[in-house]
Every structure is written in C-alpha cells, then in structure tokens.
Amino acid sequence: MLMIVVYSFFWILYFQNFGSVLWYLRDFIDPAPANRLFAAAGLPFRFDAEFVTVINAGTIILLQVFVSRIVKDWQPVRTMIAASPSARSASCAWRSLGTWGSSSSVSRSSRSAR
C-alpha cells in the first residue's frame, strides 16, 4: 500500500512538471523580459514555455549523480517519501515567485483571451 502512495506522488509531480507548469507558463507568464535579456546578450534565442521541459530534464540529469551520492546509504522508500513533500513545496514556491509582480501580464493575457 505504501508503494502505491509513493508512486502516486511520483506521477503527480511528473504531470505537474511536464503538463500543468507548461500551461501555467503559457497562460500567465510574460516571456518578454527573458527575450529582452537574450537579445541584449546578442543571443538569437526566443524563450518558449516548452524550454522548461528541457531545462527540467537537464537539471534532473545533472543533479542525479550528486544527489545519489548524498542518499546512497538511505533506505529507498524513506528517501522517496521524504523527497515528495520537498519537491511539492519547491514547485509551489516556484509558482508563487513566477506570479509575484506579474499581475499586469496576467490581466493583459486574460483580457486578450476574451
């Protein structure tokens, strides 16, 4: 029964990272500041919500060795249970930081959708 709960948390986090986060970025976050930053640096790059998927996957790959060394002596089920709440809270913090100070872009996008 415990493994079903652990797997459920995994799939919730998976769909949140690779589904709802992209919808949230597309609907509520204005990419113009990031695009201006890239243009100022002379990079011909335009930020799109789908790049978050690549960034998430790259971060997972790069941190896998580091995190694995830290938790190599821990019991697997306890490690997964301990990681689920911290990952969910980090995701909520990311979302709250993403909306902080962007109320004008939210109201613009909601007006343009009508």
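So the check is Cβ under 6 Å with 6+ separation or different chains; which pairs have a first residue in the range 41-55 that's under 25 Å from Phe15 (Cα atoms) and a second one that's acidic (Asp, Glu) and at pLDDT 85 or above? Final answer for the pair search is none. Considering only the range 38-45, I want to know if a residue exists there that is closer than 22 Å to Ala93 by Cβ and not basic (Lys, Arg). For the range 38-45, residues closer than 22 Å to Ala93 by Cβ and not basic (Lys, Arg): absent. A Cβ distance below 8 Å, combined with a sequence gap of six or more or placement on separate chains, defines the contacts here; from the range 13-33, residues that are without any contact (Cβ under 8 Å) to a residue 12 or more places away in the chain reach no residue that is assigned to a helix (DSSP H, G or I) and surrounded by 12 or more Cβ atoms within 10 Å (Cβ to Cβ).
Among the residues here, Gly98 qualifies as at pLDDT below 75, surrounded by 10 or more Cβ atoms within 10 Å (Cβ to Cβ) and not polar (S, T, N, Q).
Return the only residue of Arg36, Arg88, Arg69, Arg108 being out of contact with any helix residue (DSSP H, G or I) (no Cβ under 9 Å at 6 or more places or on another chain), at pLDDT 75 or above, among the charged types (D, E, K, R) and surrounded by 10 or more Cβ atoms within 10 Å (Cβ to Cβ). Answer to the selection: Arg36.
Residues in the range 5-40 that are among the β-branched types (Val, Ile, Thr) and within 16 Å of Met80 (Cβ to Cβ) were compared, and the one that is nearest to the chain's Cα centre (by Cα) is Ile12.
Asp48: over 11 Å from the mean Cα position of the chain (by Cα), at pLDDT below 85 and acidic (Asp, Glu), yes or no? Yes.
The values are calculated or read from the model by the stated rules, or taken from the named source; none is laboratory data. Being a predicted model, the structure only gives us computed values, none of them experimental. Please note: Cβ atoms are built from the backbone with ideal geometry, for glycine as well, and neighbour counts cover all protein chains shown.
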